[in-house]
Amino acid sequence: MDVRQSIHSDQVKQLDTAGLRREFLIENIFEADNYTMTYSHIDRIIIGGVKPVHATVSIGDDVGKQLGVGYFLERRELGMINIGGPGVVKVDEHTYEIGQEEALYVGKGAQHVTFSSVDPHNPAKFYYNSAPAHTHYPNKKITLAEASPQTLGDNATSNRRTINKFIVPDVLPTCQLTMGLTKLAEGNLWNTMPCHTHERRMEVYFYFDMDEETAVFHMMGQPQETRHLLVHNEQAVISPSWSIHSGVGTKRYTFIWGMVGENQVFGDMDHVATGDLR
């Protein structure tokens, strides 16, 4: 488990490129036949990926010990979106077939969660977020057709995109976790611009659907003290509640967002005019 401590916005102003990357960028999300796990003290979110190829992968009991509980989801909920080939997730005695761009929510109290791929030549890639939970809500698979879509932006400003809200109150109940997948239209490069902060929630962006030569310049920092991170395929950025979170790519891309915090109101944002950014 990679542990990231919270950091004050005043300290971030002093960081160089290596320091920003060390604090906020998660460079390695997927490892064959294994899981990765990054624990952030910012709202205690856990971020990672599971890529079963030839073997079934489970998150071991040692994770529970690191969290001070008996098992991983004893006091947590889990959300995942598959960006790879068809896969199978077994939650205790229930089995879920999860295809590409399909999601699964697992409620607090699930003791055994395993991941496998249908075809090792086209393995599943389960990107996941986990948050502390106060009660149990039912497990639920969510297909792309069942997600709540919202199309925003236009080609003139290069930010035409469709936001597919998989794990939100309109689709299913959760304790605090929300997740979705945003896909940019061909030829569009910007996400979340004009930008915003939301003091009530932190957020993690996971960028993918990019080729080797593609990069995203992820904008972060306080609105009058902006910085950037250069992000490549299948990498994630931790965004504190005080930070903007926006990006522009050298080519179109897709990203998954996950939020945890005080509320689940998607529109609860503190908008920042582009002319006010520094």
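Before we move on, is residue 180 touching a residue at least 12 places away in the same chain (Cβ under 8 Å) and at positive phi? Give the derivation first.
On the way: touching a residue at least 12 places away in the same chain (Cβ under 8 Å): yes; at positive phi: no.
Spelling it out, it is not the case that residue 180 is touching a residue at least 12 places away in the same chain (Cβ under 8 Å) and at positive phi.
Looking at region 168-182, which of the residues that are surrounded by fewer than 17 Cβ atoms within 10 Å (Cβ to Cβ) and either within 15 Å of the chain's Cα centre (by Cα) or of a type outside the set (Asp, Glu) (or both) is nearest to residue 157 (Cα to Cα)?
So the first thing to find is which residues in region 168-182 are surrounded by fewer than 17 Cβ atoms within 10 Å (Cβ to Cβ), and the list is 169-170, 173.
Add one more test, that the residue is either within 15 Å of the chain's Cα centre (by Cα) or of a type outside the set (Asp, Glu) (or both), and what stays is 169, 173.
On the way: 169: 30, 173: 35 Å.
Residue satisfying both the conditions and the ranking: 169.
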Practice item. Quick one: which residue in 20, 15 is over 19 Å from residue 207 (Cβ atoms) and not charged (D, E, K, R)? Key: 15
Study note, to complete from the structure: Given (1) closer than 20 Å to residue 50 by Cα; (2) under 20 Å from the mean Cα position of the chain (by Cα); (3) not charged (D, E, K, R), residue 121 misses just (2)
Point to revise | region 259-278 residues that are within 17 Å of residue 240 (Cβ to Cβ) and in contact (Cβ under 8 Å) with a residue 24 or more places away in the chain, paired with ones that are of a type in the set (Gly, Ala, Ser) and surrounded by 10 or more Cβ atoms within 10 Å (Cβ to Cβ) (beta carbon under 7 Å, 6 or more apart) | key: 260/131; 261/241
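Does residue 100 meet the test of being among the polar types (S, T, N, Q), at pLDDT below 95 and surrounded by fewer than 19 Cβ atoms within 10 Å (Cβ to Cβ)?
Values: among the polar types (S, T, N, Q): yes; at pLDDT below 95: no; surrounded by fewer than 19 Cβ atoms within 10 Å (Cβ to Cβ): yes.
It is false that residue 100 is among the polar types (S, T, N, Q), at pLDDT below 95 and surrounded by fewer than 19 Cβ atoms within 10 Å (Cβ to Cβ).
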Exercise for review: Being over 30 Å from residue 108 (Cβ atoms) and either buried (at least 22 other Cβ atoms within 10 Å of the Cβ) or hydrophobic (A, V, I, L, M, F, W, C) (or both) narrows it down to one of 204, 231, so name that one.
Suggested key: 231
Review point. Across region 17-66, what is the number of residues that are more than 20 Å from residue 218 (Cβ to Cβ), aliphatic (A, V, I, L, M) and at pLDDT 95 or above?
Key: 7
Check your understanding: Which one of these does residue 241 not meet: (1) farther than 26 Å from residue 101 by Cβ; (2) modelled with pLDDT under 95; (3) in contact with a Lys or Arg (Cβ under 8 Å, 6 or more places away or on another chain)?
Key -> (2)
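I need the full set of residues from region 204-231 which are free of Cβ contacts under 8 Å to residues at least 24 places away in the same chain and of a type outside the set (A, V, I, L, M, F, W, C), in order please. Explain how you work it out, then say what you get.
Kept after step one, since they are free of Cβ contacts under 8 Å to residues at least 24 places away in the same chain, are these residues of region 204-231: 212, 228, 230.
If the condition is that a residue be free of Cβ contacts under 8 Å to residues at least 24 places away in the same chain and of a type outside the set (A, V, I, L, M, F, W, C), then 212, 228 are the ones that fit.
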Study note, to complete from the structure: Heads up, the helices (runs of 4 or more DSSP H) in region 1-92 (entirely inside) with at least 1 residues that are buried (at least 21 other Cβ atoms within 10 Å of the Cβ) and in contact (Cβ under 8 Å) with a residue 40 or more places away in the chain are 17-24
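The values are calculated or read from the model by the stated rules, or taken from the named source; none is laboratory data. In this text, all values refer to a predicted model and were calculated from it rather than measured experimentally. Glycine also receives a Cβ, built like all others from the backbone with ideal geometry; neighbour counts cover every protein chain displayed.
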